[in-house]
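The values are calculated or read from the model by the stated rules, or taken from the named source; none is laboratory data. In this text, all values refer to a predicted model and were calculated from it rather than measured experimentally. A quick note on method: Cβ atoms are made from the backbone with ideal geometry, for glycine too, and the neighbour counts reach across all protein chains shown.
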Amino acid sequence: MSLRRGFKSEANQIARQIRDELGLKYFDPLNPLELASYLEIKVIPISNFGEDAPAAIKHFKFDGKYEFSAATIFSGTERLILHNDSHTAGRQSSNISHELSHSLLHHPKAAPLNDLGCRNWDNTIESEADWLGGALLISEEAALKIARENLPLRAAANLYGVTEQMIRFRLNVTGSKQRVSKVVMP
């Protein structure tokens with residue numbers, strides 16, 4: 001994941017600013033559906049389309065479960081997020097936070113497919129949304145709190161509504177365990 005210089009600090013600032021705007025402490029859990037509501041972005045699960053496209057929904061809920069996570073759809077100046085609600089709740093939080101991050105970072109809209117019918121993919125934009133999505137869900141302060149309280153991964157994941165993999169990732173990239181272990185108590 002190659003991010004421009006200073007982006008990680010910028011993402012931490014955005015995560016703090018969002019928490020301020022939502023009236024949360026920097027270490028509080030952030031519900032991505034509440035953030036979407038605050039940003040006036042509708043979030044729609046694919047299961048809502050079961051009657052309109054039953055074969056497609058069946059595919060994405062079972063055999064193709066990991067082929068589709070979420071996407072932002074534009075209608076004029078409005079955005080909505082379509083997400084795969086067959087994923088675990090923690091994974092859905094990550095998927096939705098990733099899409100919300102595109103909005104917060106003012107990433108431009110792009111057609112889902114290019115002229116050759118291949119998926120449009122901008123690695124820089126996707127990496128930024130991945131990073132900010134993680135910072136929104138597990139802020140630097142939350143990672144430090146998890147490390148300081150020595151919370152087991154499962155307990156932290158349940159508290160923050162994410163996967164254990166997300167907790168592990170954020171603890172690692174923030175260096176929280178190492179930072180907490182260096183603090184000497186009087």
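Of all residues in region 163-186, those that are closer than 11 Å to Leu153 by Cβ have Cβ atoms under 7 Å from Cβ atoms of residues that are charged (D, E, K, R) and modelled with pLDDT of 95 or more, 6 or more apart or on another chain, in Thr163/Arg91; Glu164/Arg154. Counting only strands (runs of 3 or more DSSP E) that sit completely within region 28-145, those holding 1 or more residues that are touching a Phe, Trp or Tyr at 6+ places or on another chain (Cβ under 9 Å) correspond to 78-83. Screening Glu164 on (1) farther than 22 Å from Leu35 by Cα; (2) surrounded by fewer than 17 Cβ atoms within 10 Å (Cβ to Cβ); (3) in contact with a Leu (Cβ under 6 Å, 6 or more places away or on another chain) shows it passes everything except condition (1). Considering only region 2-15, state which residues are more than 15 Å from the chain's Cα centre (by Cα) and not in a loop (DSSP other than H, G, I, E, B). Answer for region 2-15, where residues must be more than 15 Å from the chain's Cα centre (by Cα) and not in a loop (DSSP other than H, G, I, E, B): Phe7, Ser9, Glu10, Gln13.
For region 86-101, the candidate set comprises residues that are of a type in the set (S, T, N, Q) and more than 13 Å from the chain's Cα centre (by Cα); within that set, the residue that is farthest from Ala135 (Cα to Cα) is Ser86. The single residue among His106, His83 that is within 16 Å of the chain's Cα centre (by Cα) and on the phi > 0 side of the Ramachandran plot turns out to be His106. Just one of the listed residues (Leu144, Leu105, Leu151, Leu100) is touching a Ser or Thr at 6+ places or on another chain (Cβ under 8 Å), surrounded by 14 or more Cβ atoms within 10 Å (Cβ to Cβ) and either under 17 Å from Ala70 (Cβ atoms) or modelled with pLDDT of 95 or more (or both), namely Leu144. Residue pairs whose Cβ atoms lie under 6 Å apart, sitting 6 or more positions apart in sequence or on different chains, and linking a residue in region 69-87 that is surrounded by 15 or more Cβ atoms within 10 Å (Cβ to Cβ) to a partner that is of a type in the set (D, E, K, R), are Ala70/Glu99; Thr72/Arg79; Thr72/Glu99; Leu80/Lys42; Ile81/Glu99; Ser86/Lys61; Ser86/Lys65. Within region 110-131, residues that are among the hydroxyl-bearing types (Ser, Thr, Tyr) reach partners that are in a loop (DSSP other than H, G, I, E, B) with beta carbons closer than 7 Å, at six or more positions or on different chains, in the pairs Ser127/Met1; Ser127/Ser2; Ser127/Leu3. Scanning region 154-163 for residues that are assigned to a helix (DSSP H, G or I) and either closer than 19 Å to Ile14 by Cβ or touching a Lys or Arg at 6+ places or on another chain (Cβ under 6 Å) (or both) gives a single hit, Tyr160.
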